[in-house]
Structures are given as C-alpha cells and as structure tokens.
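Below: one structure, written as structure tokens.
All of the numbers you see were taken from the coordinates with simple rules; none came from a lab. Note that the structure is predicted; figures quoted are calculated from it, not measured. Here the Cβ is made from the backbone with ideal geometry for all residues, glycine too, and neighbour counts use every protein chain on show.
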C-alpha cells in the first residue's frame, strides 16, 4: 500500500526497540526524509545526533558495548557497515524500515495489522533505541544488536548532558505535542530511566503518561503494550486519546503522571544459574525438557501407556504439567522451573541441555519473546485463578539463558501469601512440593490442614 503516514495530532506514542529483528526484504534504498535527523529538529540537535550515532557505531564495531547474556549476539555487529543510518557513506548497506526490522516485543504483538494501522495513524510514533537514540517508525536501519544493559556505554553517551532528552524536547516542541504515551517500561530499566522526564515536562509543557500493565512485568509488559497500541491508540481520534484520564485502568493498562521508581539491580551472576543446574532437581528446583511436546501430532504422547494427566488433558497435558509445577512452588516455599533441561540428567552436560528451540515450531512468534507470551497466555492464564493475576508479577518472573548455544527458560517462583488453586473446567486442584516431586492434595481435610499450617493468615 502507498505510504500515507503523516502524523499531525498532538499525541506522541513512545516505545522501545527490541532484541529480535527481521532480515527479510532488505533494500539498498535509504530515504533520509524518513529519518529522525530530518524530522524537523533544530540543526544543533541534529549535529549532536550525527556525532553520537557515529561514536556508537564505532563502539559496536569494536565490541565495546556489552550487556548481560550478549555472547551470542555480538557477532551480529561485525556485519554493520558505516551506512547512511550512522551518517556514513557505504553504498553496500542494506536497510529495512524500523517497524519492519523490529520483530519482537511491542512490534511482534502489533503484527502486520498494527503496522498497517501505524501507516495510517494521525499520531506521532517514536522508537527509543540504544544504538540510534530516537527513531522514526519508517526510518531505514541496519540489522544490529545493541541494548542499554546495566547502564552501559550507550546509556552514558545518550544521557550525557541530557542529550536524548533534549532531542525529544526538540521534536515535541516542533510538532506541538500535548500528550505523550510512554511505553518504555521493560526488563532493561535503563530504557525507562534514560529520559529526564521532569526536564521534558518543564521545557515542553506536555502531559506525560507512563504506561504500565496490570500484571505484565518487565519485558512481559511489552506484548500487552503492542496489542493496546494497535487496538486502542493508533486509529483513535486525538480527542479520544486526550480524554483518557490518568490513574484509571484502561484494558488492564494504567497511565500515570508519576514514573514508578525501580531499584537498580546488578545483573544476575551466571554462576548462580550454573550452580542451580549442577545441583539437580530438589524441592525448589524442577527441570522440564519441553513445554509443548504434547502438541506434536506426529508422535504418541508416550511410548508407555498414557498417564491419568495425559488421558484428562490430551494435547494440553504438557502445558498443564508446567502449570502444576509452578502452582506447587507457589504453595510451598517457592522454587525454580527450568524448561529446556532433561529431568534426569546424566554426567554429560551436553546430553541433558536440550533447549526450548524445538517448541518454537508451535509459536506464532518463534523466539524468546514469543515463548514468554506463550507461558503467560497459554499456561498461566488458562489454568490459574482469575484473582491471581493482579498480583502475578509479585510472585513469578521469566528469564532466558543461553547454555551450550541453546536457550533455556528460567521461571523463578516466590512462595505465595495465599493458597493457589489450579482450575480446569469445573475442577479445582491444589498442588505442593514434597522433596523433588509435585504432589496433589486431595480431599477437604488434607487441603485445609495444609493451608492452616502453611498459610498463617
């Protein structure tokens, strides 16, 4: 379709880039009119943008920009060229528009329909990027890997003298933006914190609404942001968006004028995770090879006769097994569920680390972001009680680790402050951990006795 993106409204939607990117349909064509450099910002601001992008390009080429778990990503930047996106002149550079290049997080959830909506949207849309600073949605960019990580060199470059904030201020004033919907909250808190929001507010007079999801925490929130942006913001009228009131829930989203304060955390020590794997299964550790094996129609579920769970849950049984393990941790003393590890490991580490990549075949978005979305939407949401979800992020977090070049999913569970039942149809089930096993308590007396002992309130 012909491009008709020409934002004129007083509303700006601000998002973050994503780790997952596409290489399909790349082109040598670069249209500078689509770039943030030529979006109407002042010349001084433009020169600062040129200078900082060029410096970051050099840092990326020299592998001086680091972030947690970056070992399998740094090689991507070896192919970066000094193209026009970094204000160089290499004519062999291949580009894609930013919203086509970015395929995970907000943009994976928006899907092609959301990107078509963006093309027609009257609202301004900017992308916060560690490599590029600020991107227009159709700005041509290369295939790259770069994150702010734990406040690394890119964070220092863009926040020095409030540079990225001043760039945003310039854009806001140029386009007379009155309200900003900020969707920068993710697991990498440096994105949320790199902008000096009080300075932006004072210099522009714009109302800033910071978006958070009711139970999606960290990167899990990005999927929900993408759907909300697509279905409720892009094609809405400016008048309707200006009527959204702060501190009220909108489709499980809340927009506040005060940015939440988060504690800066040190990166998780990989030695902690390695020790967890080496310690094997126990009351607080469980391994599962896959979460979606029962969806495979080409194989019998088991070589041996099917279990009661397999008979009852059919193709959903592998998801249910994950759900009941999480529920058992919640009801006991918390724990760690690692998917992508054979339950009964032998002495050869290469044999028992299998990764979750085999499950990707059953995902609409075959990557870690898509896997996290599957865990939330297809495992937690269908099997857990509805009133558990407003408190979801207090108890469960999901991370991904690379081991032996394979991806494993690490679900960390805290013990709940109230009993958690699983729901399937009309059945309510209560699970606990007994040593390295997950056990269902049956009968009112057994369940009530356990609850009265374990949950003091």
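Taking the Cβ of each residue in 169, 244, 379 as the centre, tally the other Cβ atoms inside 10 Å and list the residues starting with the fewest.
Working: 169 24, 244 17, 379 21.
Least crowded to most crowded, the residues run 244, 379, 169.
For each of 342, 87, count neighbouring Cβ atoms within 10 Å of the residue's Cβ, then give the residues from fewest to most.
342, 87
Computed from the coordinates I sent, Kirkwood radius over Cα pairs in Å equals one of (i) 25.1; (ii) 26.0; (iii) 23.8. Tell me the label.
Among (i) 25.1; (ii) 26.0; (iii) 23.8, the one calculated here is (iii).
Among rounded, prolate and oblate, which fits segment 15-69 when a ≥ b ≥ c are the square roots of the eigenvalues of its C-alpha gyration tensor, a/c under 1.5 means rounded, and a/b larger than b/c means prolate? It would help to have the intermediate numbers written out before the result.
Numbers: a/c = 1.90, a/b = 1.21, b/c = 1.58.
Cα axes put segment 15-69 in the oblate bin.
Mind checking the angle between helix 444-454 and the chain's longest principal axis? C-alpha axes, 0 to 90 degrees, to the nearest 10.
60 degrees
With N set to the number of residues, divide the alpha-carbon radius of gyration of segment 359-457 by 2.2 N^0.38 Å and report two decimals.
It is 1.27.
Please arrange 90, 359, 387 by counting, for each residue, the other beta carbons lying within 10 Å of its beta carbon, fewest first.
Working: 90 11, 359 24, 387 8.
Placing the least packed residue first, the sequence is 387, 90, 359.
Would you mind getting the Kirkwood hydrodynamic radius of segment 1-113 from its Cα pairs, rounded to one decimal in Å? Write out the running numbers ahead of the final one.
Values: mean 1/r = 0.0617 Å⁻¹.
Result for segment 1-113, one decimal place: 16.2 Å.
If r is the Cβ-Cβ distance from residue 66 to residue 428 and R0 is 56 Å, what FRET efficiency results, to the nearest 0.05?
Working: r = 48 Å, r/R0 = 0.85.
Once the sixth-power term is evaluated, E becomes 0.75.
Please label the shape of segment 28-187 as rounded, prolate or oblate, based on the square roots a ≥ b ≥ c of the eigenvalues of the alpha-carbon gyration tensor (a/c under 1.5 means rounded; beyond that, a/b larger than b/c means prolate, else oblate). Please list the in-between numbers first.
On the way: a/c = 1.30, a/b = 1.20, b/c = 1.08.
Judged from the Cα gyration tensor, segment 28-187 comes out rounded (a/c under 1.5).
Mind pulling the angle between the C-alpha long axis of helix 317-331 and the longest principal axis of the chain? Nearest 10 degrees, somewhere in 0 to 90.
90 degrees
In degrees between 0 and 90, to the nearest 10, how far off the longest principal axis of the chain does helix 163-174 point, with axes built from Cα atoms?
60 degrees
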